[in-house]
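The values are calculated or read from the model by the stated rules, or taken from the named source; none is laboratory data. The structure displayed is predicted, hence computed values, not measured ones. As a convention, Cβ positions derive from the backbone with ideal geometry for all residues, glycine included, and neighbour counts pool all protein chains shown.
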Ligand code: SAH
Ligand code: SF4
Ligand code: F3S
């Protein structure tokens with residue numbers, strides 16, 4: 001392929017915020033730009049193009065973008081781009097969910113931003129760059145929906161990490177939880193056709209991946225078309241991915257409790273490539289709060305789902321997301337959340353203070369006091385820490401297959417992930433990067449495990 005920039009190789013720096021789908025999108029932006037002469041660099045000062053791929057989920061996440069933009073502007077005013085010397089001005093693009101949700105606000109607060117591109121329009125980056133260069137400034141594209149983007153993305157050029165690749169299979173959300181911006185930033189639910197996903201998986205395997213993580217805002221609502229045009233479920237998609245030679249680990253994230261169907265639960269019992277890990281956000285343990293959140297399940301519905309998945313796969317590591325201080329949350333509601341956490345014994349959890357997001361129904365309701373939110377979050381997190389620690393300690397003495405995907409903290413050490421998504425550190429040769437090896441776990445900390453390699457890499 002040729003593009004306007006092939007004659008002069010340029011440098012792009014991409015900073016990613018938010019969820020794994022943004023990690024996938026950032027990698028795909030690099031794929032889109034590569035045929036136009038852009039290579040990825042890891043220092044913004046070397047870049048001709050700086051892309052901030054942003055997250056809008058909580059206020060803090062969105063504000064990070066404006067402080068990063070402020071930093072970039074000061075840096076540019078001070079020393080220009082290092083690559084071209086003083087006076088060089090890299091193009092600045094804001095992509096992702098903040099771009100989608102508040103493009104006009106970005107132009108107002110950071111007028112030097114050249115390109116604003118939403119999550120469904122980044123396949124058009126080369127055109128937007130050309131527009132921005134031609135006009136001097138200000139190319140905006142926040143078009144919907146997801147469909148055309150996937151059709152126009154080029155073949156992937158690299159795995160997400162050594163041995164591991166993310167593949168977005170479902171995007172957008174129709175659920176409209178009362179607190180959440182995703183249906184507004186990512187648009188309506190869309191599932192990619194099964195054959196497209198399988199082709200992309202084959203491509204990543206050829207690039208060295210043995211672990212595939214299927215991504216979606218509601219990945220278990222997947223209903224992509226099969227070869228006959230009829231919809232396929234996530235369980236069917238996972239079975240198709242498991243049949244691709246070279247795939248040895250499959251993960252999926254994030255799931256919604258109402259879409260945990262029987263076939264998917266059963267699959268945890270009989271598909272050995274499906275990892276014993278489930279990220280199933282519950283948000284609250286109070287039925288009153290769950291109803292106000294528009295979640296469509298009760299705390300006991302959630303407990304029953306967990307029991308069924310554990311019956312299928314007894315060693316399952318369960319992960320979740322929780323919100324404290326949702327409008328109207330009483331002390332009794334919060335106690336119900338603590339009870340649910342104690343019952344479910346989460347191996348991992350993300351917990352957040354409710355953050356009112358403009359345009360969502362919960363933002364307009366009377367708010368819980370900040371100090372109360374702080375107290376609840378601290379109490380919840382100390383319980384979650386104990387759950388995680390005891391899950392990790394139960395792994396000591398076991399032999400676990402670890403996929404090494406990055407250098408460790410010390411020389412001679414690599415870090416990887418267990419089937420349960422724990423970080424595992426062990427002494428290993430760099431040649432083991434991207435491979436799965438058996439590790440005897442010798443110690444457990446709150447955030448990671450340490451172990452000893454039992455034999456050489458096997459994948
Ligand atoms: N689709 C997933 C979650 C997507 S957002 C699901 O249905 O659960 C990731 C997490 O961010 C959510 O699970 C929720 O816990 C948190 N979150 C979303 N909006 C929030 C808000 N306004 N304030 C605090 N946390 C929020
Ligand atoms: Fe947001 Fe709810 Fe959709 Fe998850 S299911 S992305 S929390 S609206
Ligand atoms: Fe954030 Fe958008 Fe993901 S709001 S969590 S980057 S879908």
Practice problem: Say whether the condition of being at pLDDT 95 or above, in the same structural domain as residue 234 (by TED's automatic domain parsing) and farther than 30 Å from residue 363 by Cα is met by at least one residue in segment 279-292. | Solution: no
Quiz item: Given the conditions (1) over 15 Å from the mean Cα position of the chain (by Cα); (2) at pLDDT 90 or above, and given that residue 166 satisfies all but one, which numbered condition is not satisfied?
Solution: (1)
Quiz item: How about segment 39-50: which of its residues are free of Cβ contacts under 8 Å to residues at least 60 places away in the same chain and not in a loop (DSSP other than H, G, I, E, B)?
Solution: 39, 40, 44, 45, 46, 50
Quiz item: What are the pairs, 6+ residues apart or on separate chains, where a residue within segment 293-307 that is more than 12 Å from residue 258 (Cα to Cα) and not assigned by TED's automatic domain parsing to the domain that holds residue 356 has its Cβ under 9 Å from a residue that is within 16 Å of ligand 3 (Cβ to nearest atom) and in a loop (DSSP other than H, G, I, E, B)?
Solution: none
Quiz prompt | Per-region count, segment 268-278, residues closer than 22 Å to residue 345 by Cα and without any contact (Cβ under 8 Å) to a residue 60 or more places away in the chain | solution = 4
Quiz item: For segment 98-198, list the helices (runs of 4 or more DSSP H) that sit wholly inside it and hold at least 2 residues that are away from ligand 1 (no atom under 16 Å from the Cβ) and crowded, with 20+ Cβ neighbours inside 10 Å; which are they?
Solution: 125-135
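In segment 215-245, which residues are within 16 Å of ligand 2 (Cβ to nearest atom) and not in a helix (DSSP H, G or I)?
Of everything in segment 215-245, those that are within 16 Å of ligand 2 (Cβ to nearest atom) and not in a helix (DSSP H, G or I) turn out to be 215, 216, 217, 218, 222, 223.
Residue by residue, here is whether (1) more than 16 Å from ligand 1 (Cβ to nearest atom); (2) assigned by TED's automatic domain parsing to the domain that holds residue 21; (3) closer than 18 Å to residue 318 by Cα; (4) in contact with a strand residue (DSSP E or B) (Cβ under 7 Å, 6 or more places away or on another chain) holds:
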residue: 227; (1), (2), (3), (4): yes, no, no, no
residue: 233; (1), (2), (3), (4): yes, no, no, no
residue: 259; (1), (2), (3), (4): no, no, yes, no
residue: 262; (1), (2), (3), (4): yes, no, yes, no
residue: 275; (1), (2), (3), (4): yes, no, yes, yes
Exercise. Could you tell me whether residue 340 is part of a helix (DSSP H, G or I) and either modelled with pLDDT under 95 or within 16 Å of ligand 2 (Cβ to nearest atom) (or both)?
Key: no
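Residues are listed down the side, and each one gets a yes or a no for (1) within 24 Å of residue 74 (Cβ to Cβ); (2) away from ligand 1 (no atom under 16 Å from the Cβ):
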site: 16; (1), (2): yes, no
site: 19; (1), (2): no, no
site: 22; (1), (2): no, no
site: 27; (1), (2): no, yes
site: 30; (1), (2): no, yes
site: 38; (1), (2): no, yes
site: 50; (1), (2): yes, yes
site: 54; (1), (2): yes, no
Quiz item: Looking at this structure, is residue 352 within 16 Å of ligand 3 (Cβ to nearest atom) and either surrounded by 21 or more Cβ atoms within 10 Å (Cβ to Cβ) or outside any helix (DSSP H, G or I) (or both)?
Solution: yes
Exercise. Output the residue which, of all residues in segment 322-333 that are surrounded by 15 or more Cβ atoms within 10 Å (Cβ to Cβ) and either within 11 Å of ligand 1 (Cβ to nearest atom) or free of Cβ contacts under 8 Å to residues at least 40 places away in the same chain (or both), is farthest from residue 253 (Cα to Cα).
Key: 327
Exercise. Please find, within segment 334-362, the residue that is nearest to ligand 1 (Cβ to nearest atom) out of those that are over 30 Å from residue 446 (Cβ atoms) and touching a residue at least 40 places away in the same chain (Cβ under 8 Å).
Key: 357
